[in-house]
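Before any comments, here is the structure.
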Amino acid sequence: MCIIFVYALVFTEISLIYASPSQGPFRTVSNNHQFYDVQAHRGGRGNVVESTLPSFAWGLIDGATTLELDNGITQDGEVVVWHDESILPEKCSDTAPVVPDDPAYPYVGKFISNLTLAQIKTLDCGSKRQTNYPHQLAYPGARIPTLREVFDFVSCADLSHQILWNIESKINARYPNQTAGVDDFVQKQHEIFISSPYYQSITYQSFDWRTLVSMKTLDDKLITSALIDEDTAFTPRGSTSPWLAGLRLESFPGPSLSEQIAQAAHAIQADILSPTGTFLIPSSSHEGSSHFTTPEMISEAHRFGMKVVPWTVNGLDRAEELFKDGADGIITDYPNVVRRWAKQQGLRVAPKYPRQRVFSCLYQHMR
């Protein structure tokens, strides 16, 4: 019933779009590198239920430069597009077991790494609107897609393969038994990357810098992005962070922590530094708190030839500050809003994809 309802929704949207005045011609460009980098976080989770084919459809329609997404690996070795290490009840619902009396059922609450693709494909992850995102469009019956399925769907709408990708390995360096390991992620993701028409448009990102080092060793042509935040940079009692590939930030010359972070990212040959753009570091001084991402961090990264793309920035006041500080792009839950702001600043923005084409492809790939 849920899937049938999804088809009806998509068909209705296609019909409405075709009945509306036609849009202008969609101009083909070589790729999106020439535009200010507005990245649709999980497809744009502020607008649509996250990490589903509909979310990436709306990322295209909203004119994102880059589609940002996360990968997990199932028990049977399939690369799926999902942010969380486990199936959270606030996002997904069980429908039925794959086979009668499946001992793993219900699947909600289980780790991705402990479920097969067939089990994961039974989940409805499109019906629940998140409390923190009251404007999300729901798509009842939407399933967790594989990475290949996402590439296939977007290729249908993006005939010239111009969209950019930022793909994260969702690996847990602190609790390695909860996810697949470094080798599995790197080998399985890279196999899909090189067989895709988007190979040259992919950035590979991770909080686990071991993964970035391993990917660079395997393929030094692939762009890598070093994710970092307060949880991965700082450790209790000054221990070595399990996230930073054995590096200790204090071993770099600095002189500030911000510059040490940029220097560490350069040490693992990252092409991009992607720090949290909104976290405030408390300060005991009269000056109050300071942002994790600072002008000094951005300047130091640029000195090494790295770009800086902070996440997840939803407020335009902060987006403006980061832009003035020199940030090269913004990862956001609201790509439509940030794109509109970037256009107002006189920045070149990526073209929007025609709705009729996108929804036609969405209908085909959700059947």
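The values are calculated or read from the model by the stated rules, or taken from the named source; none is laboratory data. Owing to the predicted nature of the structure, the values given are computational and were not obtained by experimental measurement. Positions of Cβ are generated from backbone atoms using ideal geometry, with glycine treated the same way; all protein chains shown enter the neighbour counts. With ligands, DNA and RNA removed, areas are computed over all heavy atoms of the protein, side chains included. Shrake-Rupley method; radii C 1.70, N 1.55, O 1.52, S 1.80 Å.
Does the chain classify as rounded, prolate or oblate by the C-alpha gyration tensor (a ≥ b ≥ c root eigenvalues; a/c under 1.5 gives rounded; else a/b over b/c gives prolate, otherwise oblate)? Oblate. Rounded to the nearest 20, the Cβ-based charge dipole of the stretch 27-72 about its Cα centre (Lys and Arg +1, Asp and Glu -1) stands at 120 debye. Based on protein heavy atoms only, the chain ends up with 43 Å² per residue of surface accessible to a 1.4 Å probe. Output the pairs from K121/K221; K121/K188; K216/K324; K91/K324 with a Cα-Cα distance over 24 Å in this structure; if there are none, say none. Long pairs (Cα-Cα over 24 Å): K121/K221; K216/K324; K91/K324. Under the rule a/c < 1.5 gives rounded, and otherwise a/b versus b/c splits prolate from oblate, where does the stretch 154-290 land using the Cα gyration tensor? Here the stretch 154-290 falls in the prolate category.
Candidates A118, N336, A173 compared by Cα position along the dipole of the chain: farthest toward the positive end lies N336, with charges placed on Cβ.
Between helix 355-365 and the chain there is an angle of about 80 degrees, using the helix long axis and the longest principal axis of the Cα atoms.
Here the 3J(HN,Hα) profile of the stretch 169-175, calculated from phi with Karplus coefficients 6.51, -1.76 and 1.60 at θ = phi - 60°, is 7, 8, 10, 10, 6, 7, 10 Hz, Gly and Pro shown as x. Potential lengthening of the chain between T235 and D317 amounts to 26.5 nm, from the contour at 0.36 nm per residue minus the alpha-carbon distance.
Beta bridges assigned by DSSP with both partners in the chain are antiparallel in approximately 20 percent of cases.
Couplings for the stretch 258-270, taken from phi via the Karplus curve 6.51 cos²θ - 1.76 cosθ + 1.60 with θ = phi - 60°, read 4, 6, 4, 5, 5, 5, 5, 4, 5, 5, 9, 6, 5 Hz in order; Gly and Pro are left as x. Net charge dipole, the chain: roughly 940 debye, given to the nearest 20, about the Cα centre with Cβ charges of +1 for Lys and Arg and -1 for Asp and Glu.
With contacts taken as Cα pairs under 8 Å at a separation of at least 6 residues, the chain carries a relative contact order of 22 percent. For the set K216, K110, solvent exposure ranked by accessible area (probe 1.4 Å, protein chains only) runs largest to smallest as K110, K216.
Taking all protein chains together and rolling a 1.4 Å probe, H83 ends up with roughly 40 Å² accessible. Shown for the stretch 126-233: the carbon plus sulfur share of the solvent-accessible area, taken with all protein chains present and a 1.4 angstrom probe, equals 47%.
Coupling constants for the stretch 87-104 follow from the phi torsions by the Karplus curve (6.51 cos²θ - 1.76 cosθ + 1.60, θ = phi - 60°), and in residue order they are 8, 8, x, 6, 10, 10, 10, 6, 10, 6, x, 4, 10, x, 6, 4, x, 7 Hz; glycine and proline get x.
Ordered by 1.4 Å accessible area with all protein chains kept, I223, I331 run largest first as I223, I331.
Note on exposure: Y175, Y133 ranked by accessible area (1.4 Å probe, complete protein assembly) read Y175, Y133, with the most exposed listed first. Taking amide H as placed 1.01 Å from N in the peptide plane, the amide H of V48 sits under 5 Å from that of L137, each at least 5 places away or on another chain. Only the Cβ atoms of Lys and Arg (+1) and of Asp and Glu (-1) were treated as charged; on that basis the dipole of the stretch 121-181 about its Cα centre amounts to roughly 300 debye. Ranking T276, L322, V309 by how far each Cα lies toward the positive end of the dipole of the stretch 261-324 (charges on Cβ) leaves V309 at the top. Look at the alpha carbon pairs under 8 Å that are at least 6 residues apart: their mean separation over the length of the stretch 184-273 gives a relative contact order of 27 percent. Each of S299, P103, Q34 was scored by the projection of its Cα onto the charge dipole of the chain, and the greatest displacement toward the positive side belongs to Q34; charges sit on the C-beta of Lys, Arg, Asp and Glu. Computed from the Cβ-Cβ distance with R0 of 35 Å, the FRET efficiency linking S289 to Q34 stands at 0.45.
Other residues within the sphere of radius under 12 Å centred on the Cβ of A157, judged by their own Cβ, net out at +1 (K and R +1, D and E -1).
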